[in-house]
Each structure stands twice: as C-alpha cells, then as structure tokens.
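The values are calculated or read from the model by the stated rules, or taken from the named source; none is laboratory data. Quantities reported herein were computed from a predicted structural model and do not represent experimental measurements. Methodologically, a virtual Cβ is constructed for each residue, glycine included, from the backbone with ideal geometry; neighbour enumeration extends over all protein chains shown.
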Amino acid sequence: MASTQRPLSPHLQVYRTMYTMALSILHRATGVALSGALLLLAAWLVALASGADCYAWVARLLGSPLGWLVLAAVLAAFWYHFCTGIRHLVFDTGRCLEKREARLTARLVIFAVVVLTGASVLAMLHMGGVV
C-alpha cells in the first residue's frame, strides 16, 4: 500500500537543489531571454531602415547606461546559452555524465561565460560604442 506522505511521482520538492540543476534551468531561461532580445535587434533594424532621426534615437537609447546594461545582459545570456549548448552536445555523445565530470564542466561553463562576456564588453568599449 502506498504511503500518503510520499508523492506519486518525483517533484522538484523531492530533489536537493544543485548548481548543475540550476544551470539546466538557466539554460532554458536564457533561450527564452534571447528570443526576447530578437525584438531589440528587430527594433534596431527597423530604425535603421526608417531614417537618420529614428536611428539616432535608437542609437542614443542603446548607448545609454541602461542600454549598455541590457546589451551586456544579452551578451551574457548568449554566451551562457552557447557554452551550455556545447556542454549538452558533449553529454549527448555519452561523455562527462559522471557527477564529478558534470560538476567540472559546469564550473568550466561559468568561467567561460565570465571571460567571454567580459571580452565582448571590452571589445565594444574599445570600438567606441554599440552602434
């Protein structure tokens, strides 16, 4: 006879939250965020096609501190999604599935995201702006 205190199927409440689980959830969230970021790209392209005044307004908006913050967040989401996508492709080959290896690759992803995002932001600063 089944106990009424146990769930009938595994739920998130049963599992101990681990950073590898959080990375997987964040991979999905960054995919959704990047889909939303496509709206920014579309707005930029529409402004570019609409003329100099409209483009100047969007360029001013993206060049503001808030615009830089949003673009840096989009870059971080892009690099995170990219790196975890590669990690999952490696998993699909049957490699790095042991706990120790999965945790190591998770740390490598975080390190790579910080380095790649920092390098991308520095490159944008060096080029003198966003647009």
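Of note:
- Scan of region 90-102 for residues that are of a type in the set (A, V, I, L, M, F, W, C) and either in contact (Cβ under 8 Å) with a residue 40 or more places away in the chain or outside any helix (DSSP H, G or I) (or both), ordered by number: Cys96, Leu97, Ala102
- If you check Phe111, Phe78, Phe82, Phe91 for being more than 13 Å from the chain's Cα centre (by Cα), modelled with pLDDT of 95 or more, on the phi < 0 side of the Ramachandran plot and among the hydrophobic types (A, V, I, L, M, F, W, C), only one passes: Phe111.
- The residue pairs whose first member lies in region 16-42 and is part of a helix (DSSP H, G or I), whose second member is surrounded by 13 or more Cβ atoms within 10 Å (Cβ to Cβ) and of a type in the set (Lys, Arg), and whose beta carbons are closer than 7 Å, counting only pairs six or more residues apart or on different chains, are Thr20/Arg103.
- With respect to the conditions (1) surrounded by fewer than 12 Cβ atoms within 10 Å (Cβ to Cβ); (2) at pLDDT 90 or above; (3) under 19 Å from Ile110 (Cα atoms); (4) among the polar types (S, T, N, Q), Ser35 lacks only one, and its number is (3).
- Filter pass, Arg87 being part of a helix (DSSP H, G or I), among the charged types (D, E, K, R), without any contact (Cβ under 8 Å) to a residue 60 or more places away in the chain and surrounded by 15 or more Cβ atoms within 10 Å (Cβ to Cβ): yes
- Options Thr117, Thr105; residue that is over 18 Å from Leu34 (Cα atoms), hydroxyl-bearing (Ser, Thr, Tyr), free of Cβ contacts under 8 Å to residues at least 60 places away in the same chain and part of a helix (DSSP H, G or I): Thr105
- Residue, surrounded by the fewest Cβ atoms within 10 Å (Cβ to Cβ), within region 58-72, restricted to residues that are free of Cβ contacts under 8 Å to residues at least 12 places away in the same chain and part of a helix (DSSP H, G or I): Pro65
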